[in-house]
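What follows is a set of notes on a single structure, which appears directly below.
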Amino acid sequence: MSAPRTFTIPLIIACALFMEQMDSTVISTSLPVLAVDMGVDPISLKLALTSYLVSLAVFIPISGWMADRFGALTIFRSAICVFMLGSILCGVSNSLPEFVAARFFQGIGGAMMVPVGRLVILRSVDKANLVKALSYLTIPALFGPVLGPPLGGFITTYFHWRWIFFINIPISILGLYLATRFIPNTRADSMAPLDWPGFVLSALGCSLLMMGLATAGRHLVSSDISLACVVLGALSLAAYVWHARRTPTPLIDLKLLKIPTLQAGVFGGSLFRLGIGAIPFLLPLMLQLGFGFSAFHSGLLTCASAAGAMFMKTIAARILKRYGFRRVLVINGALGIVSLACIGLFSATTPYLVMFIVLLIGGCFRSLQFTSLNAISYADVESRSLSQATSIASVAQQLSVGMGVVLAGFALQVSNQLQGHATLVTQDFWPAFLTVALAASFSIPLLRRLPANAGSEMAGREQSKTSSA
């Protein structure tokens, strides 16, 4: 049984993660073609990206509780089924509202698959083999974003965008079979009751706020409805904060944000991701609508960032050990923001190789920043609070990326209208890239507030200082 537990189970979970990661990236290169097929403005398709991210933010916090209550295998298989059904609904959608609703439903499955999958590994593999098992889980996280854009572009260019979602069907069926055969249906011995009021308030707050912001100015719904969604969403989130302070077991324990390192990781990280989250939305639109690239060539170029991210994963630990978290987060973060702004300088005459190199180097900066932010967030969190801290960080991450798409869409729309262009052209994109880069730059002052020795033990610097002393 050691082989299934150490190797087979992590790879089954890894396949689900690969499917979720790849699905999140393949759609980006298909946005312009989707817009034409559905007869909508390309900017309106930001709803397709934000609806999925909001769904993740809403349902990730309760995934662990559901696995404890109903069994990890039960929830994992249910998540695969929901994700597969959501993929089918996406593939048969004929209008933007149908597609947005299908993406939200698909996100429910994605929100359950990955956290529950990690929980399965933690409970199924002994501690001696845990590091090895978790290493198998990182493989799809690296290859999914690399393969996603060119695959999505290839399918869109030479077949039809609907097949992007239909390819999830055989993968899901195989995952269901393997999960049933190898994964135990573990449950928790004891557990706290679910904070239902907190779940309802947070779900309404996230969904309504993002929907209101994403639909503003595009006449998908009336301005009054957009404004009402924003107001009701903000009030719901404020009500959740009030509720969380008064319940003994809140869905998301906001008191943990008093920890300086978690605070920096969540707030500083959210601002940085707000800028970076706009890339999957803006870049394919600029390459295809602005420069006239095919979806396939756009996807090949877009994967350069993921290739840079893969390379940085191999040396990130050494860089952190050498320079420490605070210095890396501030300097590397600034370089990552500059590389984001540089994308806005691309034009139709920019050599393909130059664009590839800029995106490749930018991917390195962004990967190191995300690795550092993810690690520093948990540097001072006690073991008993890790689950809650993970929920806080995960929700903040999904919402900030969604807000990045919303901000990018708004900036692109304003730029297009102010310059008087009937359709999106190359000149509309540089103000949008500059706007999201400026938004991301506000993360630097927050990260500078970290202590100089923040995360020293995690980076392996304490031992070095002791030996040198």
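The values are calculated or read from the model by the stated rules, or taken from the named source; none is laboratory data. Since we're looking at a predicted model, the values are computed, not measured. Here Cβ is always computed from backbone atoms with ideal geometry, including for glycine, and neighbour counts include all displayed protein chains.
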- Message: Tell me the residue from P248, P170, P193, P197 that is assigned to a helix (DSSP H, G or I), more than 22 Å from F83 (Cα to Cα) and not hydroxyl-bearing (S, T, Y), please.
- Response: P197
- State which residue is surrounded by the most Cβ atoms within 10 Å (Cβ to Cβ) when the search covers only the stretch 41-81 and only residues that are β-branched (V, I, T) and closer than 17 Å to S394 by Cα. T50
- Query: Is there a residue in the stretch 422-430 that is surrounded by 22 or more Cβ atoms within 10 Å (Cβ to Cβ) and polar (S, T, N, Q)?
  - Reply: no
- Note on the structure: Taking the stretch 305-349 and the residues there that are in contact with a helix residue (DSSP H, G or I) (Cβ under 9 Å, 6 or more places away or on another chain) and assigned to a loop (DSSP other than H, G, I, E, B), the one that is nearest to A264 (Cα to Cα) would be G324
- Checking P4, P97, P10 in turn, the sole residue that is in a helix (DSSP H, G or I), surrounded by fewer than 19 Cβ atoms within 10 Å (Cβ to Cβ) and at pLDDT below 80 turns out to be P4
- Query: Of the conditions (1) at pLDDT 90 or above; (2) over 17 Å from L282 (Cβ atoms); (3) not in a helix (DSSP H, G or I), D380 fails just one. Which one is it?
  - Reply: (1)
